[in-house]
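The values are calculated or read from the model by the stated rules, or taken from the named source; none is laboratory data. For clarity, every value in this text was computed on a predicted model and none was experimentally measured. When we count neighbours, we look across all protein chains shown, and the Cβ atoms used for this are built from the backbone with ideal geometry, even at glycine. Side chains are part of the model used for accessible areas, which takes the heavy atoms of the whole protein and leaves out ligands, DNA and RNA. Shrake-Rupley method; radii C 1.70, N 1.55, O 1.52, S 1.80 Å.
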Amino acid sequence: MLNVVIFGAPGSGKGTQSEKIAKEFELAHISTGDVLRKEMANETELGKTAKGYMEKGQLVPDSLIVDMLAKVLDEKKGSKGVIFDGFPRTTPQAEALKKILNERGTDVSVMLDLQVEEQELITRLLGRGKLSGRSDDNLETIQSRLKVYHTQTTPLIDYYKQEKKYIAVQGMDSIDDIFNRIKETLSTWK
Ligand code: AMP
């Protein structure tokens, strides 16, 4: 199985690249942000709990996210692999992912770190907020999401370096140029 963790700050292009990678390599795409937004729209218990955290730009607690992830993963059983988009976001989540995948006889194949400059991230997220109306794409929440990313999520770079699964991807070029480089990298796993 090809299991890809796509990593990067909010606005780095994880969602866009994930969709293209999923299509090219026939992978199931799991975006924890999308799953949570669906839970919110359906007003489930999880959705109601998650809403408060998401609107403040904070992370939803690990235990809730890990349970949700395991459930969604089992729904995708039989796929050639998975692209994890927006998960893991903390070291406990990365450890949980390893355990969940190991229990299912597989593991993370590679972590792709999409690198984009901070000012470009803010410009992209503000632009997306205008188009999509995503309630967390406003300046105040964007700043708190970036802070959370720097404090809670970036330790995963060292985690995956130690696992020898880390690959940096320059994320400032056009969508297609970035995708072509990712495609080349992932082809070695095919
Ligand atoms: P995203 O669509 O990936 O930018 O996620 C939007 C929001 O959903 C984040 O700001 C968090 O509040 C929440 N979220 C998504 N994925 C996770 C995760 N793996 N752990 C905790 N919170 C998450």
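For residues in segment 11-34 being aliphatic (A, V, I, L, M) and part of a strand (DSSP E or B), which is nearest to the chain's Cα centre (by Cα)?
Going through the qualifying residues, I end up with Ile30.
List the pairs whose first member sits in segment 73-88 and is touching a residue at least 12 places away in the same chain (Cβ under 8 Å) and closer than 22 Å to Arg37 by Cα, whose second member is basic (Lys, Arg) and not in a loop (DSSP other than H, G, I, E, B), and whose Cβ atoms are under 8 Å apart, counting only residues at least 6 apart or on separate chains?
Filtered contacts from segment 73-88: Asp85/Lys14; Gly86/Lys14.
So, in segment 71-88, of the ones that are assigned to a loop (DSSP other than H, G, I, E, B) and in contact with a helix residue (DSSP H, G or I) (Cβ under 9 Å, 6 or more places away or on another chain), which residue ends up farthest from the ligand (Cβ to nearest atom)?
Lys80
Could you check segment 97-108 and list, in sequence order, the residues that are open to solvent by 20 Å² or more (accessible area, probe 1.4 Å) and under 17 Å from Leu156 (Cα atoms)?
Lys98, Lys99, Asp107
Can you tell me which condition Lys147 does not meet? The list is (1) at pLDDT 95 or above; (2) open to solvent by less than 80 Å² (accessible area, probe 1.4 Å); (3) not acidic (Asp, Glu), and all the others hold.
Among (1) at pLDDT 95 or above; (2) open to solvent by less than 80 Å² (accessible area, probe 1.4 Å); (3) not acidic (Asp, Glu), Lys147 violates only (2).
Among the residues of segment 40-65, what is the count of those that are farther than 26 Å from Lys147 by Cβ, of a type in the set (D, E, K, R) and either in a helix (DSSP H, G or I) or in contact (Cβ under 8 Å) with a residue 24 or more places away in the chain (or both)? Spell out the reasoning first.
Taking segment 40-65 first, the residues farther than 26 Å from Lys147 by Cβ are 41-45.
Next cut, of a type in the set (D, E, K, R) only: 43, 45.
Applying the additional criterion that residues be either in a helix (DSSP H, G or I) or in contact (Cβ under 8 Å) with a residue 24 or more places away in the chain (or both) yields 45.
The qualifying residues number 1.
Look through Val60, Val82 and report the one residue that is more than 23 Å from Thr185 (Cα to Cα), open to solvent by less than 30 Å² (accessible area, probe 1.4 Å) and aliphatic (A, V, I, L, M).
Exactly one of Val60, Val82 is more than 23 Å from Thr185 (Cα to Cα), open to solvent by less than 30 Å² (accessible area, probe 1.4 Å) and aliphatic (A, V, I, L, M), namely Val60.
Which numbered condition trips up Met68, out of (1) near the ligand (Cβ under 8 Å from one of its atoms); (2) not in a loop (DSSP other than H, G, I, E, B)?
Only one criterion is unmet by Met68, namely (1).
Given the conditions (1) more than 8 Å from the ligand (Cβ to nearest atom); (2) of a type in the set (Lys, Arg); (3) part of a helix (DSSP H, G or I), report the number of the one that Arg37 does not fulfil.
Among (1) more than 8 Å from the ligand (Cβ to nearest atom); (2) of a type in the set (Lys, Arg); (3) part of a helix (DSSP H, G or I), the lone unmet condition for Arg37 is (1).
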